[in-house]
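Here is the structure we will look at.
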Amino acid sequence: MPEEKIEWYHEFINTNYKPKNDDVKALFYYEPAENITPEDAIGRVASESSSGTWTTLTETPKLLPKVKAYAYRYDSNYVRIAYPRILFENSSVPGMMSGIGGNIYGMKAVKNLRLIDVELPLDYIKDFKGPNYGSDVIKRIFKRKSGPVTSVVPKPKLGYTAEEHAKKVGYAVWKGGIDCVKDDENLTSQTFNKFEERVKLLAKYRDKAMKETGQIKDAFINVTAPDLKELEKRVKLVHDNGFRYFMIDMVVSGFTAVGTAVQLAYDYDMAIHGHRAMHAMFTRNPKHGMTMLFFAKLMRLIGVDQIHTGTGVGKLEGSAESIMAMEKMLMQQEINEIENVRLHQKWGKIKPVLPVSSGGLHPGILPAVFDIYGTMDIGLQVGGGTQGHPDGIEAGARAVMQAIEAYKQKTSLKEYAENHKELRRALEKWGSLKPI
Ligand code: CAP
Ligand code: MG
C-alpha cells in the first residue's frame, strides 16, 4: 500500500515563484527547532500564516491556489514569503497581523521567529488614510518652518495631582519655552489625577502661558482608556478644551483602538502622539518577535502623526543604526532596502510621520540626538532632564531650549553656556552623561 502523505507544509515553499506587484512580501528571521530542517520550519511559517494547516485535506475550495503564500527565497536564517493581496481585508491592520503575526509564533517546529519588515504593495496601502498631519505638525500646528517639537513629561511619572501637573510642571515648562506638556504613558485617569480635571486645568494654564509668552502651546494628553467608548469620550473632551493633539499608548491600546483614534483625529482635525510603551516585550529580543521598524510602519499606515523611535544615547535600548533606518522609513516617500534590516517601500500619498526621541535625555546630549537623526525636525521629549535641573523646572526648560538654539547656531554647548546660565548649570550637573 502506498504511504499516504500526511503533512501539507512543503507545498508552501516554491523557490521558482516570482512575487507579483501586488503581493505582500514579508522578511522573517527564523531558527528551526532541534531536529527540524529549514524547509520544515519555513513551510510551516508560510502555510500557517496564510491558508494552510498541519495535514492534507480531503476537500478544498476552488480559490485555494489564490490564497496560498509561498516561501520563495531562503537561507538557513532568513526567509522571504509572498502573500497574495486578497488574503488581507482592506485597510485592516488587525486583519493582516492575525496572519503574519499570528499562530506561527507558537509553532513547536520554530525555535525563534522575528518579523523584520513587510513590503506593502501600493494596492494595499491605497485604502489607508495615514496621518492627518504627520510631520507637518511643525508648520501647521506650531507655525514654524522647521526645528523640533519639544515636550516635557512631569516626573515623577505618577504622584502629582491634576493641579500640580498642570501648574507646577505644565505652566513652568510652557513658560520656559517648551511647546507641549506630555502625559506619562502610565498616567490615564487615576484617583489622584483624574482625566477630566487634568484636561481642564491644562487648558487653563495653557491659555495663561500662551498669553504670557505669545507662543503656541499644546499638550499630549493620554487618552488611553479601558474601552473604545471611553476613548472616544476622552478625545472629545481634549478637543473641546482647545487642544490640537492627543496621545495614545499604541501597543497597550491595540491596533483597533489606534484605528479608532485616527478616525477621531480626522473628525476633530487633531494630531496623534503615539507612545510605544510595551513594544520592547516583542521588539527587543533580536531573534524573536518583530522589529520596532515594522511596528512603526504599521502606525504610519494607520495614521499616527508622531511616534516614539528612541534616542541612541539615552536610557533605553535601541542602536543609532536602527533609529536611522526607522527615521527614513517614517519620513520618506520611497525607501530602499537595507539587507536584513528593512525592505523597499513606496508610500504613495501617505504622509510622513514625525519621529520622537525620548528617554534619558538632557541638554548635554541633545546635539548627539540631532546628529543621529540627521535633522532637527523631530519630536524631543525631556522629562527628568528638565525637572532635575538644579535651579528648578522652568530653568530646566530654558536649558533645553538653549541647547537646541546652540545646535541651530552650530555653536558648541560649552561655548553657548558661557552666556546662558541655565544651560551652564545643566551641564555642570549632567555634562554629556549617557544614562543607563
Ligand atoms: C521618558 C519617558 C518616556 C520614554 C519612552 C519615560 O522620561 O517619559 O516614556 O522615553 O521611551 O517614562 O521613561 P525621561 P521610548 O525623559 O525622564 O527619561 O521613547 O524609547 O519609547
Ligand atoms: Mg514616559
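The values are calculated or read from the model by the stated rules, or taken from the named source; none is laboratory data. All figures in this text were calculated on a predicted structure; none of them were measured in a lab. In this analysis, Cβ positions are derived from the backbone assuming ideal geometry, glycine residues included, and neighbour counts consider all displayed protein chains.
Would region 159-169 turn up any residue that is crowded, with 19+ Cβ neighbours inside 10 Å, aromatic (Phe, Trp, Tyr), within 15 Å of ligand 1 (Cβ to nearest atom) and assigned to a loop (DSSP other than H, G, I, E, B)? Don't jump to the end; show me each part of the working.
Of all residues in region 159-169, those crowded, with 19+ Cβ neighbours inside 10 Å come to 160, 162, 165-166, 169.
Next cut, aromatic (Phe, Trp, Tyr) only: 160.
Next, only the ones that are within 15 Å of ligand 1 (Cβ to nearest atom) stay: 160.
Narrowing further to those that are assigned to a loop (DSSP other than H, G, I, E, B): 160.
Yes; the residues of region 159-169 include at least one that is crowded, with 19+ Cβ neighbours inside 10 Å, aromatic (Phe, Trp, Tyr), within 15 Å of ligand 1 (Cβ to nearest atom) and assigned to a loop (DSSP other than H, G, I, E, B).
If you go through region 42-52 one residue at a time, do you hit one that is polar (S, T, N, Q) and surrounded by fewer than 19 Cβ atoms within 10 Å (Cβ to Cβ)? Full working, then the answer.
Quick first cut of region 42-52, residues polar (S, T, N, Q) only: 47, 49-51.
Filter again for surrounded by fewer than 19 Cβ atoms within 10 Å (Cβ to Cβ), leaving none.
Checking region 42-52: not a single residue is polar (S, T, N, Q) and surrounded by fewer than 19 Cβ atoms within 10 Å (Cβ to Cβ).
When you scan region 319-338, do you find a residue that is among the charged types (D, E, K, R) and within 30 Å of GLY396 (Cα to Cα), even just one? Explain how you work it out, then say what you get.
Here is the first cut: in region 319-338, the ones among the charged types (D, E, K, R) are 321, 327-328, 334, 337.
This time we only want the ones that are within 30 Å of GLY396 (Cα to Cα), so: 321, 327.
So far as region 319-338 goes, yes, one or more of its residues are among the charged types (D, E, K, R) and within 30 Å of GLY396 (Cα to Cα).
What tally of residues in region 342-361 results from selecting those that are within 16 Å of ligand 1 (Cβ to nearest atom) and on the phi < 0 side of the Ramachandran plot?
Filtering region 342-361 down to residues within 16 Å of ligand 1 (Cβ to nearest atom) leaves 353-361.
Filter again for on the phi < 0 side of the Ramachandran plot, leaving 353-358, 361.
Qualifying residue count for the region: 7.
Sort through GLY134, GLY101, GLY130 and tell me the only one that's on the phi < 0 side of the Ramachandran plot and either of a type in the set (Lys, Arg) or within 21 Å of the chain's Cα centre (by Cα) (or both). Steps first, please.
Details: GLY134 fails: on the phi < 0 side of the Ramachandran plot; GLY130 fails: on the phi < 0 side of the Ramachandran plot.
On inspection, the qualifying residue turns out to be GLY101.
Rundown of residues vs (1) closer than 16 Å to VAL110 by Cβ; (2) touching a helix residue (DSSP H, G or I) at 6+ places or on another chain (Cβ under 9 Å); (3) of a type in the set (D, E, K, R), yes/no style:
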residue: PHE12; (1), (2), (3): yes, yes, no
residue: LYS18; (1), (2), (3): no, no, yes
residue: PRO32; (1), (2), (3): yes, yes, no
residue: SER49; (1), (2), (3): yes, yes, no
residue: THR55; (1), (2), (3): no, no, no
residue: THR60; (1), (2), (3): no, no, no
residue: LYS68; (1), (2), (3): no, yes, yes
residue: SER76; (1), (2), (3): yes, yes, no
residue: ILE81; (1), (2), (3): yes, yes, no
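Quick one: which residue in THR161, THR150 is away from ligand 2 (no atom under 16 Å from the Cβ) and polar (S, T, N, Q)? Break it down stepwise before answering.
Values: THR150 fails: away from ligand 2 (no atom under 16 Å from the Cβ).
After ruling out the rest, the residue left standing is THR161.
Just give me the residues in region 164-188 being away from ligand 2 (no atom under 16 Å from the Cβ), out of contact with any Cys (no Cβ under 9 Å at 6 or more places or on another chain) and either hydrophobic (A, V, I, L, M, F, W, C) or free of Cβ contacts under 8 Å to residues at least 12 places away in the same chain (or both), in sequence order. So that I can check it myself, show each step before the final result.
Taking region 164-188 as the starting set, the residues that turn out to be away from ligand 2 (no atom under 16 Å from the Cβ) are 164, 166-168, 171-172, 174-177, 179.
Subset that is out of contact with any Cys (no Cβ under 9 Å at 6 or more places or on another chain): 164, 166-168, 171-172, 175-177, 179.
Answer for region 164-188, where residues must be away from ligand 2 (no atom under 16 Å from the Cβ), out of contact with any Cys (no Cβ under 9 Å at 6 or more places or on another chain) and either hydrophobic (A, V, I, L, M, F, W, C) or free of Cβ contacts under 8 Å to residues at least 12 places away in the same chain (or both): GLU164, ALA166, ALA172.
Restricting to region 26-50, give me the number of residues that are of a type in the set (D, E, K, R) and closer than 19 Å to ALA82 by Cβ. Give the derivation first.
Filtering region 26-50 for residues of a type in the set (D, E, K, R) gives 31, 34, 39-40, 44, 48.
Narrowing further to those that are closer than 19 Å to ALA82 by Cβ: 39, 44, 48.
Adding up the residues that qualify gives 3.
Determine whether region 138-153 contains at least one residue that is within 16 Å of ligand 1 (Cβ to nearest atom), buried (at least 20 other Cβ atoms within 10 Å of the Cβ), in the same structural domain as ARG300 (by TED's automatic domain parsing) and without any contact (Cβ under 8 Å) to a residue 40 or more places away in the chain. So that I can check it myself, show each step before the final result.
Taking region 138-153 and keeping what is within 16 Å of ligand 1 (Cβ to nearest atom), we get 148-153.
Restricting the remaining residues to those that are buried (at least 20 other Cβ atoms within 10 Å of the Cβ) gives 148-153.
Still in the running and in the same structural domain as ARG300 (by TED's automatic domain parsing): 148-153.
Okay, now just the ones that are also without any contact (Cβ under 8 Å) to a residue 40 or more places away in the chain, so none.
The answer is no, given that none of the residues of region 138-153 is within 16 Å of ligand 1 (Cβ to nearest atom), buried (at least 20 other Cβ atoms within 10 Å of the Cβ), in the same structural domain as ARG300 (by TED's automatic domain parsing) and without any contact (Cβ under 8 Å) to a residue 40 or more places away in the chain.
Does region 216-235 hold any residues that are loosely packed, with under 15 Cβ neighbours inside 10 Å and in contact (Cβ under 8 Å) with a residue 12 or more places away in the chain, and which are they?
The answer is ILE216, and nothing else.
Right, GLY364: within 16 Å of ligand 1 (Cβ to nearest atom), closer than 21 Å to PRO148 by Cβ and in contact with a Pro (Cβ under 9 Å, 6 or more places away or on another chain) or not? Outline the logic, then answer.
Working: within 16 Å of ligand 1 (Cβ to nearest atom): yes; closer than 21 Å to PRO148 by Cβ: yes; in contact with a Pro (Cβ under 9 Å, 6 or more places away or on another chain): no.
Here the answer is no, as GLY364 does not meet what is asked.
Among the residues of region 371-393, is any more than 16 Å from ligand 1 (Cβ to nearest atom), within 24 Å of GLU185 (Cβ to Cβ) and in contact (Cβ under 8 Å) with a residue 24 or more places away in the chain?
Yes: region 371-393 contains one or more residues that are more than 16 Å from ligand 1 (Cβ to nearest atom), within 24 Å of GLU185 (Cβ to Cβ) and in contact (Cβ under 8 Å) with a residue 24 or more places away in the chain.
Quick one: what pairs do we get from region 275-295, first residue in a strand (DSSP E or B), second within 11 Å of ligand 1 (Cβ to nearest atom), C-beta under 7 Å, 6+ apart or different chains?
HIS275/GLU185; HIS275/MET247; HIS275/ASP249; HIS275/MET250; HIS275/HIS308; GLY289/THR283; MET290/THR283
If we scan region 176-186, do we find a residue that is basic (Lys, Arg) and within 22 Å of GLY359 (Cβ to Cβ)? Steps first, please.
Step one: list which residues in region 176-186 are basic (Lys, Arg), which gives 182.
Those still in the list that are within 22 Å of GLY359 (Cβ to Cβ) too: 182.
Yes; the residues of region 176-186 include at least one that is basic (Lys, Arg) and within 22 Å of GLY359 (Cβ to Cβ).
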